1. Kindly list the number of the only condition in (1) farther than 30 Å from residue 58 by Cα; (2) part of a loop (DSSP other than H, G, I, E, B) that fails for residue 389.
2. Answer with yes or no whether residue 72 is without any contact (Cβ under 8 Å) to a residue 60 or more places away in the chain and within 16 Å of the ligand (Cβ to nearest atom).
3. Do you know which of the residues in the stretch 362-373 that are surrounded by 12 or more Cβ atoms within 10 Å (Cβ to Cβ) and not in a loop (DSSP other than H, G, I, E, B) is farthest from the chain's Cα centre (by Cα)?
4. Which of the numbered conditions does residue 359 fail, given that it passes all the others? Conditions: (1) touching a residue at least 12 places away in the same chain (Cβ under 8 Å); (2) surrounded by fewer than 18 Cβ atoms within 10 Å (Cβ to Cβ); (3) closer than 25 Å to residue 406 by Cα.
5. Name the one entry in 288, 227, 249 that is at pLDDT below 95, assigned by TED's automatic domain parsing to the domain that holds residue 127 and in contact with a strand residue (DSSP E or B) (Cβ under 8 Å, 6 or more places away or on another chain).
6. Output the residue which, of all residues in the stretch 374-393 that are closer than 18 Å to residue 26 by Cα and in contact with a helix residue (DSSP H, G or I) (Cβ under 8 Å, 6 or more places away or on another chain), is surrounded by the most Cβ atoms within 10 Å (Cβ to Cβ).
7. Please name all residue pairs, on different chains or six or more residues apart, with Cβ atoms under 8 Å, provided the first residue is in the stretch 232-260 and is under 15 Å from residue 314 (Cβ atoms) and in contact (Cβ under 8 Å) with a residue 24 or more places away in the chain and the second residue is away from the ligand (no atom under 15 Å from the Cβ) and part of a loop (DSSP other than H, G, I, E, B).
8. What is the number of the single condition among (1) more than 16 Å from the ligand (Cβ to nearest atom); (2) in a strand (DSSP E or B) that residue 173 does not meet?
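The values are calculated or read from the model by the stated rules, or taken from the named source; none is laboratory data. Quantities reported herein were computed from a predicted structural model and do not represent experimental measurements. Every residue, glycine among them, receives a Cβ derived from its backbone with ideal geometry; neighbour counts consider all protein chains shown.
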Ligand SMILES: *Cc1c(COP(=O)(O)O)cnc(C)c1O
């Protein structure tokens, strides 16, 4: 063992969160047949399975087998209010009040549901502002919402992109666009942590700029939830969506989250509630006040919470893994996870820098406050070959066309040794594939 490897091992021994790794299923390396664990740096794409999920799911299946329809009220977590069992952990995770969050659907569905309410174009203010590079699904959602309102999806989509020669968006450039063109923008939709570059935005600062221009401010937190601390309520974000299968370890296609700021929930007086009722939204029985839900009235009375956007009764066998996973976040807490995450990613960056290769560069911001755990490596020569060489050495990390390798050491189950081992593989692969 080299001195550097011994150092990584020591950092792991001193890590106060080290025992959490044992509570996850670490996939064996697909490149070896000796059962060794993979170097799994892909939690930004699909988080690993908590071992507790299997027994928890079986318990839910037992409740169904044992209780039939009675499970709606007599299961251990009654199905009628199952989504409410996730509300407080989800609220703590994103820095919201409990009535501001709901787990439902998937991310893009939630984005559409919230844009129906919070993208209300007028002739003077018809546009949506996005930041690039933007995840395709968000662009599709924005363009199709524009079309639904009879707007031109090209002309009415405004963009802030990195400056030529730069890889990430400057906050001052977003502020500048809002100051200059904000009066024509109805809704701003940004990524909390950029999926491609790993850049983290200062949501408070940007929400303030959006509001000063008279715009609503929404965020996609797919790469932020469970990765960085969030304070959606205090930051005055108007609405937000996130998925639960990336950093939140709730399983492929897991139930997603939605946040609506209290000021949009009709919790003031009668007039405020009347405006809340009148807000355009897709309505379904699970958005109705639960106290009158079974009165089977024809009049929709939205509950004064984010649940008002919920259409259907909750999918128990999809929410059960999320319940396990969100409870784990609650148990450790984001502050402790973030502390380890900052150290882990700083260590990984240090190891990558030590390679000193010109075959690639890290484009994620170097300021820890401006990133989560992910580092994005822009590969200058033969990027696909480099990624294949990483995979052949047992590294699981993802590749985004045309030339970005994303590596995300997560504080829950990754080790300093994973980071050390990744950098060693990268050093050899870069020497072999990209030149020195
Ligand atoms: C992962 C991701 C999505 C995924 O959307 P689904 O509807 O859950 O499939 C959307 N937006 C961003 C930015 C993402 O990173």
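1. Going through (1) farther than 30 Å from residue 58 by Cα; (2) part of a loop (DSSP other than H, G, I, E, B) one by one, residue 389 breaks only (2).
2. So residue 72 fails the test.
3. 362
4. Of (1) touching a residue at least 12 places away in the same chain (Cβ under 8 Å); (2) surrounded by fewer than 18 Cβ atoms within 10 Å (Cβ to Cβ); (3) closer than 25 Å to residue 406 by Cα, only one is false for residue 359: (2).
5. The unique qualifying residue is 288.
6. Applying the filter and picking the extreme gives 390.
7. Matching pairs, first to second residue: 255/314.
8. Every condition holds for residue 173 apart from (2).
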